[in-house]
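Worksheet for the structure shown next.
Where a number appears in this text, it was derived from the coordinates with a stated rule and is not lab data. Keep in mind it's a predicted model, so treat the numbers as computed, not measured. A quick note on method: Cβ atoms are made from the backbone with ideal geometry, for glycine too, and the neighbour counts reach across all protein chains shown.
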Amino acid sequence: MTRHSDILAAFGIPASGDVTVRSPADGLPLGRVAYDTAESIETKVASAQAAFLAWREVPAPRRGELVRLFGEELRTHKAALGRLVSLESGKILQEGLGEVQEMIDICDFAVGLSRQLYGLTIASERPGHRMMETWHPLGPVAIISAFNFPVAVWAWNAALALVCGDPAIWKPSEKTPLCALATQALFDTALARFGDAPAGLSAVVLGLSDAGRTLAADPRIPLVSATGSTRMGRAVGPVVAERFGRALLELGGNNAMIVMPSADLELAVRAILFAAVGTAGQRCTTLRRLLVHKDVYDALIPRLKAAYARVRVGHPLEAGTLVGPLIDAASFQAMEAALASAAADGGVVTGGGQILADLHPGAFYARPALVEMPAQHGVMLQETFAPILYVAKIGSLEEGLTLQNGVKQGLSSCIFTRDMQEAERFVSASGSDCGIANVNIGPSGAEIGGAFGGEKETGGGRESGSDSWKAYMRRQTATVNYSNALPLAQGIQFDAG
Ligand code: NAD
């Protein structure tokens with residue numbers, strides 16, 4: 001149906017349905033999909049619940065084998081899926097491929113994890129008793145994902161969920177449904193090779209926010225892992241809490257970098273550039289606030305402006321492009337509005353504005369903007385999902401930390417310094433209040449080995465590495481009495497005679 005249709009054919013995705021999906025790169029149709037109905041969602045949830053009863057009995061290392069096979073499919077189809085990610089989300093091809101690599105990495109991690117779902121043995125206070133803590137499969141997990149990581153976020157959740165014994169039900173962003181269908185097609189191939197997995201282990205539910213709301217409200221789904229805006233989390237959280245489900249929330253960020261006088265400025269400029277303009281400023285971990293010590297402000301900012309001037313904005317599949325398009329018109333308008341608001345607050349704006357409209361009339365390419373602010377206030381306190389970097393001057397590390405922590409979001413943060421005391425202070429209890437705190441690394445581009453997520457209005461959830469897997473399992477404390485007596489805890493005497 002379109003010049004992009006070859007890409008979908010590679011995954012065997014049917015080009016049918018009444019919803020047209022367009023590429024943000026050129027506004028042209030990429031494919032068509034059909035949204036789920038209340039009935040089809042009901043069927044998928046019921047099927048996931050039935051799958052859970054069988055899957056929880058499968059030994060975890062065998063469950064890991066399915067994820068291993070899926071990782072193989074991803075390796076084979078990395079180029080095609082990376083290209084689709086690029087075309088449907090607008091991120092440059094390198095980042096599309098990187099996202100698929102992240103899926104492969106988390107599969108590898110999950111395969112190893114499938115042999116390490118450790119519990120504890122705890123000393124009992126009662127003689128002849130053994131106490132243990134065991135992690136059991138939890139149940140179907142709903143994964144609601146955002147447009148900007150259209151496949152990796154699902155993989156972070158699904159790879160862990162599957163080895164933990166949980167089926168996955170995926171509600172992808174309405175802006176990137178094709179990536180979800182392609183991923184599911186690869187997963188189906190892995191399932192066929194695996195052989196005896198129950199039907200309904202992985203399902204995709206397509207639709208708008210109401211489809212997400214339906215899953216959030218369903219008591220058969222004990223865990224809802226939702227990634228997106230703080231607005232979405234504020235809606236999903238109470239719905240899940242109302243039924244005493246668990247919500248793992250990965251929401252918006254407003255990430256800062258502190259640059260201190262001893263910093264390697266060359267390194268800092270490179271890190272700032274990747275973190276602030278990469279993915280066209282549409283990462284949850286994008287650098288949005290640059291807090292520069294007054295002693296190096298005049299050395300850093302002109303260099304940064306020169307680097308900004310060299311950034312190539314263009315079609316995400318074109319070699320040499322560093323910044324692709326914004327996802328849609330609304331996103332571009334939000335950027336324009338934020339820049340106008342910052343200017344009204346005394347900000348000095350360099351960059352911004354639409355470009356390449358003649359070449360791609362149906363797309364929204366913007367020049368990344370740098371805004372020198374007289375103080376941290378107004379729109380600088382919000383997350384605008386676009387390439388805007390606000391810059392403010394600081395007089396000390398203390399002031400930097402106060403500003404850095406002085407926003408409602410708490411996802412990622414970093415400091416550039418060669419002073420050990422400053423670096424240690426930044427990652428200490430009284431340093432950054434974020435889930436992620438880096439030294440001489442930008443705030444974006446996390447590895448999968450660590451737990452990923454943030455505090456405050458970022459939602460508090462953790463997924464991916466470390467012991468994030470525990471969110472996908474049910475903790476059970478079990479005590480076994482192998483004696484012939486019945487001693488009570490706390491020495492309580494309860495003798496009926
Ligand atoms: P969004 O909130 O508009 O949508 C995200 C998902 O939530 C979509 O699938 C959407 O259909 C669904 N949704 C929206 N409202 C809902 C509701 N009331 N009930 C149930 N589901 C609902 O976000 P977006 O524009 O796709 O993504 C950008 C946002 O996501 C940014 O704020 C970004 O910071 C955040 N994000 C956070 C992380 C993280 O790990 N912290 C990662 C990626 C993106």
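Observations on the model:
- Matching option when the condition is within 9 Å of the ligand (Cβ to nearest atom), part of a helix (DSSP H, G or I) and either of a type in the set (A, V, I, L, M) or closer than 24 Å to Gly90 by Cα (or both), among Leu215, Leu178: Leu215
- Positions within segment 133-152 being assigned to a strand (DSSP E or B) and near the ligand (Cβ under 9 Å from one of its atoms), in sequence order: Ile144
- Which numbered condition Arg193 misses (of (1) assigned to a loop (DSSP other than H, G, I, E, B); (2) over 23 Å from the mean Cα position of the chain (by Cα); (3) not aromatic (Phe, Trp, Tyr)): (1)
- The set of residues in segment 207-229 that are surrounded by fewer than 19 Cβ atoms within 10 Å (Cβ to Cβ) and within 23 Å of Asn148 (Cβ to Cβ) comprises Leu208, Ser209, Asp210, Arg213, Ser229.
- For Met257, the conditions (1) in contact (Cβ under 8 Å) with a residue 60 or more places away in the chain; (2) within 16 Å of the ligand (Cβ to nearest atom); (3) under 30 Å from Ser468 (Cβ atoms) all hold with the exception of (2).
- Residue selected from segment 150-195 under the condition surrounded by fewer than 21 Cβ atoms within 10 Å (Cβ to Cβ) and of a type in the set (D, E, K, R), by the criterion nearest to Lys78 (Cα to Cα): Asp188
- Residues that are small (Gly, Ala, Ser) and within 14 Å of the ligand (Cβ to nearest atom) are absent from segment 188-204.
- Out of Ala34, Ala10, Ala38, Ala80, one residue alone is in contact (Cβ under 8 Å) with a residue 60 or more places away in the chain, among the hydrophobic types (A, V, I, L, M, F, W, C) and over 30 Å from Ala280 (Cβ atoms). It is Ala38.
- Long-range neighbours under 9 Å by Cβ, at least six apart or interchain, first residue without any contact (Cβ under 8 Å) to a residue 60 or more places away in the chain within segment 184-207, second buried (at least 17 other Cβ atoms within 10 Å of the Cβ) and of a type in the set (Asp, Glu): Val204/Asp36
- Considering Val85, Val100, Val67, Val111, the condition of being β-branched (Val, Ile, Thr), touching an Asp or Glu at 6+ places or on another chain (Cβ under 7 Å) and crowded, with 21+ Cβ neighbours inside 10 Å is satisfied by Val85 alone.
- Test result for Arg213, within 24 Å of Leu249 (Cβ to Cβ) and charged (D, E, K, R): yes
- Evaluated against (1) hydrophobic (A, V, I, L, M, F, W, C); (2) over 26 Å from Phe416 (Cα atoms); (3) outside any helix (DSSP H, G or I), Val349 falls short on exactly one condition, (2).
- Any hit, segment 276-289, residues being under 25 Å from Ala375 (Cα atoms), touching a Pro at 6+ places or on another chain (Cβ under 7 Å), within 14 Å of the ligand (Cβ to nearest atom) and aliphatic (A, V, I, L, M): yes
- Residue ID - nearest to the ligand (Cβ to nearest atom), chosen from residues in segment 424-457 that are part of a strand (DSSP E or B) and under 14 Å from Val153 (Cα atoms): Phe452
- Of the candidates Phe109, Phe70, the single residue that is in a helix (DSSP H, G or I) and touching a Gly at 6+ places or on another chain (Cβ under 9 Å) is Phe109.
- Annotation note: of Ala330, Ala357, Ala363, the sole residue that is away from the ligand (no atom under 16 Å from the Cβ), closer than 24 Å to Gly228 by Cβ and either in contact with a His (Cβ under 9 Å, 6 or more places away or on another chain) or among the aliphatic types (A, V, I, L, M) (or both) is Ala363.
- Tabulated pairs, segment 212-238, first closer than 18 Å to Asn157 by Cα, second assigned to a helix (DSSP H, G or I) and of a type in the set (D, E, K, R), C-beta under 7 angstrom, 6+ apart or interchain: none
- The one condition in (1) surrounded by fewer than 18 Cβ atoms within 10 Å (Cβ to Cβ); (2) in contact with a strand residue (DSSP E or B) (Cβ under 7 Å, 6 or more places away or on another chain) that Ala38 fails to fulfil: (2)
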